[in-house]
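*Asks:* Quick one: the structure is below, and I'll ask about it shortly.
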Amino acid sequence: MSSSKSTGILVPLIHKFDLGGGTQLQVKVSGSSKGCNAKIEFQLNNCSKPWLIHWGGLYRGQTNWVLPACRSTGTITYKQNAFQTPFMKSDDFYLITIELQDPKIDFIEFILKDEDHNRWLKLNHHNFRIEIPEDEVVASRPSVPKDIVERKAYLLWESKGRPRNSPQQQQQDYDDALRELQNKLSKGISLDDLRNSSEAASTKRAVDSKYQSTPVNSSISSVYCRRQNVAQWLHKRSGGQDKGAYLLASYLAGGDHVLVQKKFNTGNQEIVAILKTVRGEYHVLVAVSMKGAAVLHWGVSKVSAGEWLVPPPEIIPERSKMVDGACQTYFKEVIAGEQLFQLVDINLHRREFVGIQFIIWSGESWIKNNGSNFSFDLKPVIPKLGKGDGGGKGIIKWLLDEISQREKDAERSLMHRFNIATELTERCKVEGELGLIAIMVWLRFMSCRQLTWNKNYNVKPRLAFPSFRRRLASMGPIWQEIEGSYKPCSTEKDKVVWKLTTQGIFTTKSVWQATRRIWSQILHKLGYLKVIDGWDAEATWIISKATVDSSGGKILRIAFCATIYPICEISAAQDKFTDLLQKIYHNQPNDREIVRLIMQCIGRGGQGDVGQKIRDEILVLQRNNDCKGGMMEEWHQKLHNNSSPDDVIICQALLDYVKSDFRIDVYWQTLNAHGLTKNILRSYDRPILSEPHFRVNTKEGLVRDLTSYLKTLKAVHSGADLESNIETCLGYSSKGYNIMDGGQLSSVSGLTSRLQESLKFVKVHVDDKNIGPLMEKLLESRIELRPILSTSHGRLKDLIFLDIALDSAVRTTMERGFKELSNAQLPDIMLFMSLMLENLSLSTVDNEDLIYCTKDWYRVCELYRPNEEQWALHAKAVIDRVQLVLTDRSQYYQEVIQPSAQYLGGLLGVEKWTIDIFTEELIRAGSAPTLSMFVNRLDPTLRKIANLGCFLNDLQHCSKNGYNSWQIISPMEVCGFVTSVNELTTVQSKVYKKPTIIIANKVRGEEEIPDGVVAVLTPDMPDVLSHVSVRARNNKVCFATCFDRSILRDLQQKDGKAISIKLRSASLVISDISTSSLSLDPNVQFVVPRGITLKKKTFGGKYAVSVEEFTTEMIGAKSRNIQFLRGKIPAWIKIPTSVALPFGVFEAVLSADMNKS
C-alpha cells in the first residue's frame, strides 16, 4: 500500500492498494469529519469483473461498525450491521462515492467482494481501514484554479529535467505544486500575482530553452503526458432517420422505377422529394410530415439548377394557382401505415427539366432550407466506377458536369474560381458528403496546379500621357507588372477603393507583402525618396502625393488601383467562400473532415497548408521538368514519408548543381558543407541512393521550380504558416513582428489560458530538434481547441485554420524526428504512438474505432513490462486493430473520393497519372501514414517479445503453438504461377502473360505491381498505407508478409509451378495445383481447381453440445476458436459460456416425423 498525505485539506489523501492481476484500488479522501463534509471515492482500475465493498463507519477507540445516515447509490443494508455498495462503471474504471456528514466517524472500514466467485478480499487478513482527517486548520485557504496548478506542476517537472514520469509521479508533482501555491496564498500573495508569475516563468523558460543545446545521446526527450479523456472526443457519424420519415420515403418509392430520392431536415420537419416514372411519365413527389394546411411555392429549372422559372401550364397540378413568378400548390393528406403525411404530385409528362426549386408555407411561416430555397436536382446520381476506384459509392454527376462546364470561367482568375466555388457549394451542400467531395476534388486539382489559375483576366490600361509612358517605360519589369495586372474601374469603384484604403481596411499581412516591394520601386522611379515600410500612414501619404504630382495624380492612381483592386476582389471572393465553409462546418458535423480538406486547398489569405504544399509541389516540379525517376523519385518518396530540415539542404544542393551547369561535385559540396553525407542519405526510411541527372535543356525550368520549392520547404521547416495562424488567433501588434507599423489584429475570444500558453510555447519551439515537449504542446493545443470548434464562434474559420496548421505541424514534426526513433527505447516509441493516435482521433469524423484503439493503447502503456510475453501479445492485438482501422479508412476514402476524381479529372483533361494516385496522395498527406509507420516500427519488436512469427528461427516452437506466420495486407484468393525475384522494383514495368504470384525478397513500398501479377508475397513489411499496399487492395491483388523463412524457402523452390492461395481466418493456405486446372488469363484471379469434392457432414445424434465436446466433425471453425482460447489467455479475460448446434441438426429436425406435415 502507498499513501500520499498533505498538510492542507484542499489536497486529498490518496491511498492505493494492489489487488493482484493488474487490478488496483485507489481511495481518495477529501474534506474532514469536523467539517461534516468528508467524501471518500473508491476507484477500481484494470478490472473487468463486478465488485462491491462491504463497509461501515468506526468511532475512534471502538471496534463495532456504525451505519452512517448518508449512503451511496445502490447501497443495501447487510444483516443490520454493515452496508454493501456495488461499484458503478465510469469510463475505463469502476467508482463508488460516499459522502459522510457524521462528525463522530473517524474511520471507514471495508472489505471487497468478488461477486463472480463469491470471494472476499482483505488486507493482510484484516479489514481495509481509511482514516477521515479531522484537522481543518487551513480550511480558510482559497482554492487555486486548476490551470495555475497545472502550469506550476509543469514547471516543477521541467526543473527536474523532464523525466519520464509514472501517473503516480505526475500526481505527486501536481500535489506539490498545489501545496506550494497554497502556502503563497496564505502569505497574502494574490491569485493574479500567482498567475502572472507563473506565466512569466513559462515565457522565460521557453525563450531560454530555445537556445539550449539538445542532449548529446538523443534528440528525443520523454514527454510529460497525462492520459486524456478521449471518450469526450467521440464523433459518431449521424445517420438514418426516424420511423415516420422512413415510412414516408418507402411510401413514395413504392410502385414504378425511382430515379432520384432526396431527404431534407429542417428543425422538426421531414421533407422528402422523389423523381420516379409512372407509366412512362416523370413524376416529382414532394411530401412533408407536418399537420395542418401547407402550400408548396415552387418553380422549375431548365438550364442551371439555380434557376427559378414559372412552370409551364401543362404540368400544373390540381389545387394550384399562379402567382408572380411561381406556382402555389396545396398539399393533400395521405396515409402510409399509421402515419399521416401531406403530398404534392407534379406530373412532368415527358418534359425534361434540370430541377425544381421550392419553399413551403406552413400556415404561419415560410419553411426554407437554412435560409435558402430547397433545390431538388432531377438528374440522377450516377455511379461512375473505374479501375482502382475501390468499388465507389457514386458521384454527384450534375455537379461535376457543371464544374467542368464552368472551368473556362474559373480559369480567368482566382476571384472567378472562388466565386464559382461559393455558388456551387451553396447549391450542393444539401447533397451531403459527395457534393462537398466534388468541390474538394476540383479545388485540389487547382491547388496542385493541374488547372490554370489566371488566364490574363486583367486588361491593360489605356494611358493618354505619352511623356509619362516614356518615363514609366524606364521602370522596365515593374511597369509591365502594373500594366499586366491593371483592371480599369468605374469612378464609383475607384472611390470605394480609395475609401477602404484610407480607413485602413487593407492592413492584412498578405496584402502588405504583395504590395510593399512594387510600391517602393514605383515611388523611387517617380522621384520620391520614400521606402514603404508601413501601410496605414503610407497610404495617406500616397494619396496626398497623388493630388500634387505633375501627372495630376493619375499615374499614382493607376498604379494604386493596379496593385490594390485585384487583391481586393480576390480577397473578398475568398472571404465569402471561407465564410460559407465555416457555416457548413458548424451546421453539418458529418462533413467536417471534407470541409477541412477543402480549406487546406485554398488556405487563408493565400497561405494555405504549406506543409501540404511540400507533397503537392514536388509532383508539379517532376512533371514540369520530366524528372520522375532516379534520385528525384527517391527524394519524392522521402518527402512523402518524413520531410525534414534536411530537405532544405537537398533542394539547395540541387539548385546549386543545376546553376553550375550540372557539375555533380557542386552538388556534393553543398551537401557536405551542411553535414549531409552519402551514409546519411542512405539512412533515411526512404533512402536516397542515386545522384541527380537532368537533361541540359531543362536548366531554366529547374532553376525556376527549385527556387520556388525551396521557399516552400523553408516556410514549413521554420513554422511560418503555423506562426501566422497562431498570430491570427492570439492577436498581434505589428511592432516587433516585421509586418505593418501600426497594424493590429485582435485576439480570438474564448481561448483558455492553457491554450494561449501552449500556442506561445509552440511558436517559440517550432524548430526544436528535441521534439518531445513540442509534440506535447501541439497536442495540448488541439485538445484545448476542440470544444471551441464545436461552437458557433464568430471567428470559427480562424480557429479551423489554426487546427489544420496544428495538425500539419504534428505530422511534419513527427516525420522530422522519426529518424531518431530508430535508436529510441520502446517506452518512448509507445509514448509517441499515443500522441499520434490522439491526433488522428481529433481530426476524424466517425472516430469510434480510433477512440477505442487509443484507450486500449493507454492501458498497454500503463501495463508495460519489459520482455513480458503476455504484455506483448496485448500490445500486438491493439496495433493489429489500429492497422485494420487505418486500412478501413484508406478503403473508405478510395470508395467515396476516387470516383469523383476519375470522372472530373477526365472531363478537365487532368493527366492520367495524377488522377490514378489522387486519393492515395490525399491519404498519405494526412496523419494516418505517420501513425502507420509507428505500427510498422513496433510490430517486429512485439512479435519478437511475444514469440510470434519466426524471428528467433524457432520454427518448431512457432508451429507447436499455432502462431500465425502471415500479415495479410490485401486479402484475396488467387491461383497463379510462382516467380521469385530479389526486389519487386526490378520487375515493376514487366507485363506477365499468365497469372503470376511473385515471391519478392524486398518490397520498399513505392513500387508498382506489374500487369498480370495476382499476388505478391514477401518477408518485408511495407506500410499498409504505402503506394504498393493501396495498389494491391484497389486492383484486387493478394499481398501479404510472411514471417516464416521456411515457408518462403519452400515457395521459392516452386518457381514456375502453379499454386493456389486461400484465406483461412488471418492466415493463408497455400496448395499445389495442376497446371491444367489454372486459367492462363492473368485477369482471372481465382479459378477453383478441378477435382475438389465436398464432403457432407453427418448428424451425430446430439442436438446441442457444450464447449468440451467441440470437434471438427461436429462444429465449425468459429465455434472451435472459443475452445482454442481456453487455457491460453490470462485468467482476468473471461470466455463466454458456449453451447453449439452440431452439423446436421437443422436437417434432422426438418426430417422428424412431427415436422413432415
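The values are calculated or read from the model by the stated rules, or taken from the named source; none is laboratory data. Keep in mind the model is a prediction, meaning the values are calculated, not measured. Because the Cβ atoms are built from the backbone with ideal geometry, glycine has one as well, and the counts that use them run over all protein chains shown. We work out accessible area using only protein heavy atoms, side chains counted, and drop any ligands, DNA or RNA first. Shrake-Rupley method; radii C 1.70, N 1.55, O 1.52, S 1.80 Å.
*Asks:* Identify, please: which residue in region 684-718 is open to solvent by less than 20 Å² (accessible area, probe 1.4 Å) and either farther than 21 Å from residue 666 by Cα or under 27 Å from the mean Cα position of the chain (by Cα) (or both) and is, among those, modelled with the highest pLDDT?
*Replies:* 709
*Asks:* Please work out if residue 1028 is in contact (Cβ under 8 Å) with a residue 40 or more places away in the chain, touching a helix residue (DSSP H, G or I) at 6+ places or on another chain (Cβ under 8 Å) and either open to solvent by less than 50 Å² (accessible area, probe 1.4 Å) or under 25 Å from residue 636 (Cα atoms) (or both).
*Replies:* On the way: in contact (Cβ under 8 Å) with a residue 40 or more places away in the chain: yes; touching a helix residue (DSSP H, G or I) at 6+ places or on another chain (Cβ under 8 Å): yes; either open to solvent by less than 50 Å² (accessible area, probe 1.4 Å) or under 25 Å from residue 636 (Cα atoms) (or both): yes.
In short, yes.
*Asks:* From the set of residues in region 763-806 that are open to solvent by 40 Å² or more (accessible area, probe 1.4 Å) and outside any helix (DSSP H, G or I), which is farthest from residue 588 (Cα to Cα)?
*Replies:* Selected residue: 769.
*Asks:* Another question, if that's okay. With the requirement that a residue be of a type in the set (Val, Ile, Thr) and out of contact with any Lys or Arg (no Cβ under 9 Å at 6 or more places or on another chain), what does region 44-76 give you? Spell out the reasoning first.
*Replies:* Here is the first cut: in region 44-76, the residues of a type in the set (Val, Ile, Thr) are 53, 63, 66, 73, 75-76.
Matches in region 44-76: 63, 73, 75, 76.
*Asks:* Further, regarding this structure: I'm trying to understand the selection: among the residues of region 803-824, which are more than 15 Å from residue 771 (Cβ to Cβ) and in contact with a Lys or Arg (Cβ under 9 Å, 6 or more places away or on another chain)? Show your work before the answer.
*Replies:* Here is the first cut: in region 803-824, the ones more than 15 Å from residue 771 (Cβ to Cβ) are 803-805, 807.
Correct list: 803, 804, 807.
*Asks:* May I ask you to list pairs of residues, at least six apart or on different chains, whose Cβ atoms are under 7 Å apart, with the first in region 780-793 being touching a residue at least 24 places away in the same chain (Cβ under 8 Å) and the second being part of a helix (DSSP H, G or I) and among the aromatic types (Phe, Trp, Tyr)?
*Replies:* Close Cβ pairs (under 7 Å, with a partner that is part of a helix (DSSP H, G or I) and among the aromatic types (Phe, Trp, Tyr)) amount to 786/233.
*Asks:* Restricting attention to region 1131-1142, does a residue exist that is of a type in the set (Ser, Thr, Tyr), at pLDDT 80 or above and closer than 30 Å to residue 116 by Cβ?
*Replies:* Checking region 1131-1142: at least one residue is of a type in the set (Ser, Thr, Tyr), at pLDDT 80 or above and closer than 30 Å to residue 116 by Cβ.
*Asks:* While we're here: Determine whether region 112-127 contains at least one residue that is open to solvent by less than 30 Å² (accessible area, probe 1.4 Å) and farther than 17 Å from residue 49 by Cβ. Let's see the steps before the verdict.
*Replies:* So in region 112-127, the residues open to solvent by less than 30 Å² (accessible area, probe 1.4 Å) come out as 112, 114.
Checking which are farther than 17 Å from residue 49 by Cβ leaves us with none.
Checked against the condition, which is being open to solvent by less than 30 Å² (accessible area, probe 1.4 Å) and farther than 17 Å from residue 49 by Cβ, region 112-127 yields no hits at all.
*Asks:* I'd like the residue in region 633-651 that is touching a helix residue (DSSP H, G or I) at 6+ places or on another chain (Cβ under 6 Å) and of a type outside the set (Ser, Thr, Tyr) and, out of all such residues, is modelled with the lowest pLDDT.
*Replies:* 642
One line per residue, one yes/no per condition, for (1) open to solvent by 80 Å² or more (accessible area, probe 1.4 Å); (2) over 16 Å from residue 373 (Cβ atoms); (3) of a type in the set (Gly, Ala, Ser); (4) in contact with a helix residue (DSSP H, G or I) (Cβ under 9 Å, 6 or more places away or on another chain):
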| residue | (1), (2), (3), (4) |
| --- | --- |
| 273 | no, no, yes, yes |
| 278 | no, yes, no, no |
| 285 | no, yes, no, yes |
| 295 | no, no, no, no |
| 309 | no, no, no, no |
| 314 | yes, yes, no, no |
| 319 | yes, yes, no, no |
| 323 | no, no, no, no |
| 331 | no, yes, no, no |
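*Asks:* Name the strands (runs of 3 or more DSSP E) wholly within region 261-302 that hold at least 1 residues that are over 20 Å from residue 348 (Cβ atoms), aromatic (Phe, Trp, Tyr) and in contact (Cβ under 8 Å) with a residue 40 or more places away in the chain?
*Replies:* In region 261-302, there are no strands (runs of 3 or more DSSP E) which contain 1 or more residues that are over 20 Å from residue 348 (Cβ atoms), aromatic (Phe, Trp, Tyr) and in contact (Cβ under 8 Å) with a residue 40 or more places away in the chain.
*Asks:* Looking only at residues that are more than 16 Å from the chain's Cα centre (by Cα) and polar (S, T, N, Q) in region 878-918, which one is nearest to residue 435 (Cα to Cα)?
*Replies:* Of everything passing the filter in region 878-918, 900 is nearest to residue 435 (Cα to Cα).
*Asks:* Inside region 341-364, can you point out the residues that are farther than 17 Å from residue 270 by Cβ and open to solvent by less than 10 Å² (accessible area, probe 1.4 Å)?
*Replies:* Result: 346, 348, 355, 356.
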